[in-house]
Amino acid sequence: MPSSPYNQMWMMVMFDLPVGTAKERKKATAFRKGLLDLGFEMSQFSVYVRFCGDRQKTEPYVRKIKTLIPENGSVTLLFFTDRQFSDIINFSNRKRKKLKENPAQLSLF
């Protein structure tokens with residue numbers, strides 16, 4: 001099937017992790033670093049996004065993220081088509097920010 005904005009997927013991870021103790025802060029930092037290692041980019045402090053390709057490619061990330069979640073943490077995963085993601089509007093200092101474009105796909109022959 002040809003690539004289209006309606007079958008290309010983005011994944012968003014939103015989380016609220018306890019940080020009341022040094023041990024909890026260390027686990028929360030490890031979770032954030034784990035997301036970065038998986039190729040996610042920080043959108044906001046507790047919101048990370050990643051372009052995944054198609055929906056089937058999101059499942060391995062779900063499994064990996066599940067192993068990273070510390071105890072007592074709340075994590076939500078959202079999935080958007082590329083078309084839906086392109087409709088997101090962000091503001092910073094009252095100015096509209098341009099969204100990042102999805103990365104170019106590498107083709108191997």
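The values are calculated or read from the model by the stated rules, or taken from the named source; none is laboratory data. Predicted model only: the values in this text are computed from it and were never measured. We place every Cβ from the backbone using ideal geometry, glycine too, and count neighbours over all the protein chains shown. Only protein heavy atoms, including side chains, enter the accessible area calculation; ligands, DNA and RNA are left aside. Shrake-Rupley method; radii C 1.70, N 1.55, O 1.52, S 1.80 Å.
Among the conditions (1) open to solvent by less than 70 Å² (accessible area, probe 1.4 Å); (2) part of a strand (DSSP E or B); (3) at pLDDT below 95, the only one that residue 102 does not satisfy is (2). The residues listed here are 63, 55, 50; of these, the one that is at pLDDT 95 or above and over 25 Å from residue 92 (Cβ atoms) is 63. Looking across segment 29-39, just one residue is open to solvent by 60 Å² or more (accessible area, probe 1.4 Å) and of a type in the set (A, V, I, L, M, F, W, C), and that is 36. Any residue at all in segment 54-76 that is part of a loop (DSSP other than H, G, I, E, B) and open to solvent by less than 40 Å² (accessible area, probe 1.4 Å)? Yes, segment 54-76 contains a residue that is part of a loop (DSSP other than H, G, I, E, B) and open to solvent by less than 40 Å² (accessible area, probe 1.4 Å).
Within the option set 9, 42, being of a type outside the set (Asp, Glu), closer than 27 Å to residue 91 by Cα and either in contact with a helix residue (DSSP H, G or I) (Cβ under 6 Å, 6 or more places away or on another chain) or touching a residue at least 60 places away in the same chain (Cβ under 8 Å) (or both) holds for one residue only, 9. Read through the list (1) modelled with pLDDT of 95 or more; (2) touching a helix residue (DSSP H, G or I) at 6+ places or on another chain (Cβ under 9 Å); (3) not aromatic (Phe, Trp, Tyr), then give the number of the only condition that residue 72 fails. Among (1) modelled with pLDDT of 95 or more; (2) touching a helix residue (DSSP H, G or I) at 6+ places or on another chain (Cβ under 9 Å); (3) not aromatic (Phe, Trp, Tyr), residue 72 violates only (1). Could you identify the single residue in 42, 11 that is of a type in the set (A, V, I, L, M, F, W, C), part of a strand (DSSP E or B) and open to solvent by 70 Å² or more (accessible area, probe 1.4 Å)? The conditions single out 42. Within segment 77-94, restricting attention to residues that are free of Cβ contacts under 8 Å to residues at least 40 places away in the same chain and β-branched (Val, Ile, Thr), which residue is most open to solvent (accessible area, probe 1.4 Å)? The qualifying residue most open to solvent (accessible area, probe 1.4 Å) is 89. Among the residues of segment 77-91, those that are over 14 Å from residue 13 (Cα atoms) and not in a helix (DSSP H, G or I) comprise 81, 86, 87, 88, 89, 90, 91.
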